[in-house]
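Before any comments, here is the structure.
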Amino acid sequence: MRKHLGMLLIIIVVLSLGIGYSALNTDLNISGEAIVRADSDIRITDIKFLESNSGGKELYNSEFTKDTTEMFVYLPSNSSVTYEVTVINKSGGRFKVSDIIANFNNVDYSLEGIEKYGVYDNQILKFTVMLENKGANLQDGMLKLSYVFEKTDEEYALDTIRNLAKVNTDELFIDDNNNVRYYGKSPNNYVSFNNELWRVIGVIDNRLKIIRDSYFEQRIAWSTNSINNWDNSSLKKYLNEEYYNNIENNSKVMISKEIFYLGGSTRDNYQSLVASGYYEQERNLEVYGNNPTTTKQYIGLMYPSDFGYASGSSCLSTPLYNYLSGCRESNYLYIGSAEWLQSPTPYDSDDANAIYQDGRVSFYMGNTVAFESNARPALYLKLGVKIIDGDGSINNPFKLYYGS
């Protein structure tokens, strides 16, 4: 009899675990209830408290199921709390947010990092929800939001480039991290942006990444203070303030504020890293001192890996330090002179990676980040940007459109 009871208990536990897992399998969630109208697997996998302001606080830990999250908060007047939510889409298609329903009307909410244009298949998306009490009365208790997701086949710019990659293998390839990249000496990847010619680097981390085709007129230091902390650098300040503020409005609204990684080569590997090695190193947590590992910005520089992959598959086993002659000449991102790259080095306080005039990638030997060199902006476009005209050639560049 005891044996049968033991087997019964085991079966009940297994069934309970199965129900708990399936509850996470069909939905998406954030500060509350998230409803996904889909018969596939798009779901929330995590929610965590980030911060509070002006007396706001979390009363109890947030909870989530397959289609709800519950946030228990205490919000005095003019206070706020912020949560981060993680969503995974394993549906085989793209789903967009078609509606957001709140079960409250006395607290304001705002989202950052999730767009109505969609969550892609195999995409892991993190976004934030801020709950803010702008009224005079204390608000406390459980707050919920309901998200309605619907499948969409609407084509955006990154879809256009992905589709081109299926048929135009002479100019596009998929790298070892499932990013789509242009390569070669003269691919048809010109795009009109800010009334200038830019180039499409590719679809990187589910965003379309572009770079200006020419340097700034004046050489510029990576950081005039000789310290390679990007968040405090003069070049970041220039790119994201003075330069960003002078971009014409029709182009500025297309720019997505995104995470840029701040890892770089070390003394031990700067001569041996190939494109994929730099890609991993850029995302490495190894940085100098207390320098940041990532930053969120509108405009940055290209990575060493962007430059490396642009030479194509024939150079993927060649260290970027040896990008001379062949690999240099088969790379549209090499335009004949030295230029700064995004990545600071983790082994010293005053070095960052750069392209040498001869095409090699390294840190500037004998010069610090205060050295004035060429630079050109690189950025990510918002998911809703579309290509509406052009074939990518220099005389007929891609034309972009964004309808908010």
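Miscellaneous remarks
- Over segment 264-400, the fraction of Cα-Cα pairs per 5 Å bin, rounded to whole percents and listed from the shortest bin up, is 2, 10, 18, 20, 20, 14, 9, 5, 2, 0.
- If the convex hull is drawn through the Cα atoms of segment 231-330, its volume per residue in Å³: 128
- Calculated FRET value between Asp46 and Ile174, using beta carbons and R₀ = 35 Å, to 0.05: 0.80
- Nitroxide proxy distance, nm - points 7 Å out along Cα→Cβ at Asn367 and Asp108: 4.7
- Across the alpha-carbon set of segment 152-244, the Rg to Rh ratio works out to 1.06, Rh being the Kirkwood radius.
- Calculated mean residue ellipticity at 222 nm for the chain: -4000 deg cm²/dmol, from DSSP H runs with n ≥ 4 weighted as -39500 (n - 2.57), summed, divided by the residue count and rounded to 500.
- Legend: calculated FRET efficiency, Asn61 to Val253, from the Cβ-Cβ distance at R0 = 35 Å, rounded to 0.05, equals 0.40.
- Accessible solvent surface per residue of segment 232-368, calculated while the other protein chains remain in place, 1.4 angstrom probe, Å²: 38
- Relative to the dominant Cα principal axis of the chain, helix 157-167 is inclined by about 70°.
- Scaling against 2.2 N^0.38 Å puts the C-alpha radius of gyration of segment 43-159 at 1.14.
- Ranked order, Glu155, Glu282 - accessible area, probe 1.4 Å, largest first: Glu155, Glu282
- Area accessible to solvent at Lys57, 1.4 Å probe radius, in Å²: 100
- Accessible surface of the chain, 1.4 Å probe: 47 percent of it comes from carbon and sulfur atoms.
- Working from Cα pairs under 8 Å separated by at least six residues, relative contact order for segment 90-142 is 41 percent.
- Label-to-label distance, Glu150 versus Tyr243, with points set 7 angstrom from Cα along the beta-carbon direction: 4.0 nm.
- Each Cα pair under 8 Å and six or more residues apart adds its sequence gap; the mean of these over the residue count of the chain is a relative contact order of 14 percent.
- Stretched out straight at 0.36 nm per residue, the stretch from Ile394 to Asp268 would grow longer than its current Cα-Cα span by 41.3 nm.
- Residues considered: Ser337, Ser91, Ser373. Largest GNM mean-square fluctuation over the chain, using C-alpha springs under 10 Å, is found at Ser337.
- Listed values [x] 24.0, 86; [y] 26.2, 77; [z] 26.6, 96, entry calculated as Rg and Dmax of the Cα atoms in Å: [x]
- Each of the peptides 222-233, 341-352 was scored by the mean count of other Cβ atoms within 10 Å over its residues; in descending order, highest first, they stand as 341-352, 222-233.
The values are calculated or read from the model by the stated rules, or taken from the named source; none is laboratory data. Just so it is clear, the structure is predicted and the values come from calculations on it, not from any experiment. Cβ: placed from backbone, ideal geometry, glycine included. Neighbour counts: every protein chain shown. In case anyone asks, the SASA skips ligands and DNA or RNA and just uses the protein heavy atoms, side chains included. Shrake-Rupley method; radii C 1.70, N 1.55, O 1.52, S 1.80 Å.
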